[in-house]
Amino acid sequence: MILVSSCLAGLEVRYDGKHSLHDQIKRLVAEKKAITICPELSGGFPIPREPAEIVGGDGYDVLDGKVKVIDKSGKDVTDLYIKGAHATLKIASEIKASLVVLKENSPSCGSSMIYDGTFMGNKIAGDGVTSALLKRSGFRVISEEQLDGKILESLS
């Protein structure tokens with residue numbers, strides 16, 4: 001079973017109340033090969049919500065208590081991101097996820113790129129909070145940008 005970001009399956013759960021539909025992921029969910037999760041909703045965030053970014057590091061640094069996740073208004077939302085990451089880890093463990101596909105650039109889900117914490121649209125290499133926790137726990141995490149035909153064939 002694959003665990004995927006809800007927004008990639010077309011659910012309108014992003015911070016702005018929109019989705020990031022990825023047709024292959026929607027198909028995997030429809031074929032019951034994948035289930036959806038939104039770490040931010042699992043952490044207690046509403047829809048819509050202020051955009052947030054990790055300031056001064058990445059998801060590993062957040063988990064280690066070195067940096068915080070701050071929303072655009074300046075509010076510290078770190079605890080909700082950590083709560084959502086742990087809820088996602090619980091689901092991934094329960095379903096014994098063979099693969100986790102998360103939305104790139106997100107402060108929760110980015111698996112290779114995240115925004116740099118300046119709210120200027122700049123990206124840096126790094127993992128979001130959920131991605132970092134899942135990787136630390138031994139799960140294979142990729143983004144929708146890394147999902148290719150070879151991976152999909154192996155799931156058939």
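Just the accessible area for Ile91, please: 1.4 Å probe, Å², rounded to the nearest 10?
Number for this one is 50 Å².
Once the piece of chain linking Ile124 and Arg140 is laid out straight, how much longer is it, given 0.36 nm per residue of separation minus the C-alpha distance between them?
Answer, rounded to one decimal: 3.7 nm.
With the full set of protein chains in place, find how many percent of the accessible area of the chain is carbon and sulfur; take the probe as 1.4 Å.
C and S fraction of accessible area: 52 percent.
Between beta-carbons, use under 12 Å as the cut-off and find the net charge around Asp64, counting Lys and Arg +1, Asp and Glu -1.
+1
To the nearest 500 deg cm²/dmol, what mean residue ellipticity at 222 nm is calculated for the chain from DSSP H runs of n ≥ 4 alone, each contributing -39,500 (n - 2.57), summed and divided by the residues? Don't skip to the answer; put the middle values down first.
On the way: 6 runs with 50 residues, N = 156.
Helix-only estimate at 222 nm: -9000 deg cm²/dmol.
Excluding Leu134 itself, calculate the net charge of residues whose Cβ lies under 12 Å from the Cβ of Leu134, where each Lys or Arg counts +1 and each Asp or Glu counts -1.
Counting the neighbours of Leu134, the net charge comes to +3.
Net charge within 10 Å of His22 by Cβ-Cβ distance, Lys/Arg positive one each and Asp/Glu negative one each, not counting His22 itself?
Residues close to His22 contribute a combined charge of 0.
Using only the Cα atoms, what convex hull volume per residue in Å³ does segment 32-91 have? Don't skip to the answer; put the middle values down first.
Details: hull volume 5.6 nm³, N = 60.
Hull volume over Cα atoms, normalised by residue count, gives 94 Å³.
Classify segment 49-139 as rounded, prolate or oblate from the Cα gyration tensor: take a ≥ b ≥ c as the square roots of its eigenvalues, call it rounded if a/c is under 1.5, otherwise prolate when a/b beats b/c and oblate if not.
Prolate is the answer for segment 49-139, as a/c is 1.5 or above and a/b outweighs b/c.
Compute a Gaussian network model of the chain, connecting alpha carbons closer than 10 Å, and tell me which residue from Gly56, Gly117, Gly43 fluctuates the most.
Of Gly56, Gly117, Gly43, the Gaussian network model singles out Gly56 as fluctuating most.
Given Cα pairs under 8 Å that are at least 6 residues apart, what percent is the relative contact order of the chain?
Working: 348 pairs, mean separation 35.6, N = 156.
23 percent.
If you plug each phi of segment 122-128 into the Karplus form 6.51 cos²θ - 1.76 cosθ + 1.60 with θ = phi - 60°, what whole-Hz ³J(HN,Hα) values come out, in order, with x for Gly and Pro?
Per residue, the Karplus-derived 3J(HN,Hα) values read 7, 10, 10, 5, x, 10, x Hz.
Can you sort Glu40, Glu50 by 1.4 Å-probe accessible area, starting with the largest? Let's see the in-between values first.
Working: Glu40 20, Glu50 85 Å².
My answer, sorted largest first, is Glu50, Glu40.
In whole Å, what three semi-axes, largest first, describe the equivalent ellipsoid of the chain built from its Cα gyration tensor (square root of 5 times each eigenvalue)?
24, 16, 14
Per residue, how much accessible surface does segment 1-119 expose to a 1.4 Å probe? Answer in Å², no decimals.
46 Å²
The values are calculated or read from the model by the stated rules, or taken from the named source; none is laboratory data. What you are looking at is a predicted structure, and each value in this text was computed from that prediction instead of being measured. Positions of Cβ are generated from backbone atoms using ideal geometry, with glycine treated the same way; all protein chains shown enter the neighbour counts. Quick note on the areas: whole protein, heavy atoms, side chains included, nothing else; ligands and nucleic acids left out. Shrake-Rupley method; radii C 1.70, N 1.55, O 1.52, S 1.80 Å.
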